[in-house]
Amino acid sequence: MIRHALINEKIKTYEWMCLSDTATAHMGGTDFSENPIPTWEEFQEAFEDFYYMESGKESGSVMIIANEHEEVGCTCYACFHLYSKMAELDIWLKSESACGKGIGTQALKDTINYLNKELGINKFLIRPSEKNIRAIKSYQKAGFIYRTDKEDILRKFYKPISFGIYKGGDYGFENTAVLILEL
């Protein structure tokens, strides 16, 4: 199950993404020195308040993942920088104990179905580190296709004004994977 996160849950989502035992699977340390763990202030800049507000849903939102009534992580979608009917997705689980059980894969499917039904979005992009093989495999289980023609794909998703800003992803252009799903 997924639901939109509220503004008073912002700190909790920061802790899950940046301070949990899953953080080093996608940021910080020697493996991800190009993507250091953000401070609370940096997180607030990257995840503006609209991600947690009803009025921002068409631009993007953080969504809480619940599994058997326990909150286990978040998905996030952003649309403001993309062409119409497209969304860029992200996901993070709050604990290694939630990983490897299909929870993240199902949460992505639920997010995709929600966005298609509620906003008519039919093209999805997700960009993990090339090193994060576990994430890439999970995304493929959710229906995403790994693409090697990164620049061409990104030009089809990002508005021209956004391309230069977001092309590098979180890990630099060469180290950021590109996976897409089209309904």
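The values are calculated or read from the model by the stated rules, or taken from the named source; none is laboratory data. Treat the numbers as computed from the prediction; the structure is a model and nothing was measured. Ideal geometry is used to build each Cβ from the backbone, glycine not excepted, and the neighbour counts take in all protein chains shown.
Annotations
- Test: residue in segment 94-107 that is modelled with pLDDT of 95 or more, hydrophobic (A, V, I, L, M, F, W, C), over 21 Å from residue 82 (Cβ atoms) and out of contact with any Phe, Trp or Tyr (no Cβ under 8 Å at 6 or more places or on another chain): yes
- Note on segment 18-48: among residues that are outside any helix (DSSP H, G or I) and among the hydrophobic types (A, V, I, L, M, F, W, C), the one that is surrounded by the fewest Cβ atoms within 10 Å (Cβ to Cβ) is 19.
- Yes/no for residue 136 being within 15 Å of the chain's Cα centre (by Cα), surrounded by 15 or more Cβ atoms within 10 Å (Cβ to Cβ), farther than 19 Å from residue 13 by Cα and β-branched (Val, Ile, Thr): yes
- Considering (1) surrounded by 15 or more Cβ atoms within 10 Å (Cβ to Cβ); (2) within 20 Å of residue 130 (Cα to Cα), the lone condition that residue 63 does not fulfil carries the number (2).
- Yes/no for residue 51 being buried (at least 20 other Cβ atoms within 10 Å of the Cβ), at pLDDT 95 or above and part of a strand (DSSP E or B): no
- Cross-chain or 6+ apart pairs with Cβ under 9 Å, segment 2-16 first and farther than 23 Å from residue 113 by Cβ and crowded, with 16+ Cβ neighbours inside 10 Å, then hydroxyl-bearing (Ser, Thr, Tyr) and modelled with pLDDT of 95 or more: 10/51; 10/52
- All of 145, 121 fail the test of being surrounded by 14 or more Cβ atoms within 10 Å (Cβ to Cβ), at pLDDT 95 or above and closer than 25 Å to residue 2 by Cβ, apart from 121.
- Filtering segment 152-183 to residues that are surrounded by 12 or more Cβ atoms within 10 Å (Cβ to Cβ), touching a residue at least 12 places away in the same chain (Cβ under 8 Å) and either at positive phi or part of a helix (DSSP H, G or I) (or both) leaves 153, 154, 156, 157, 162, 166, 169, 172.
- The set of residues in segment 111-144 that are touching a strand residue (DSSP E or B) at 6+ places or on another chain (Cβ under 6 Å) and under 10 Å from residue 179 (Cβ atoms) comprises 124, 125, 126, 127, 139, 143, 144.
- Segment 66-88, residues that are touching a residue at least 24 places away in the same chain (Cβ under 8 Å), over 23 Å from residue 130 (Cβ atoms) and within 16 Å of the chain's Cα centre (by Cα): 72, 79
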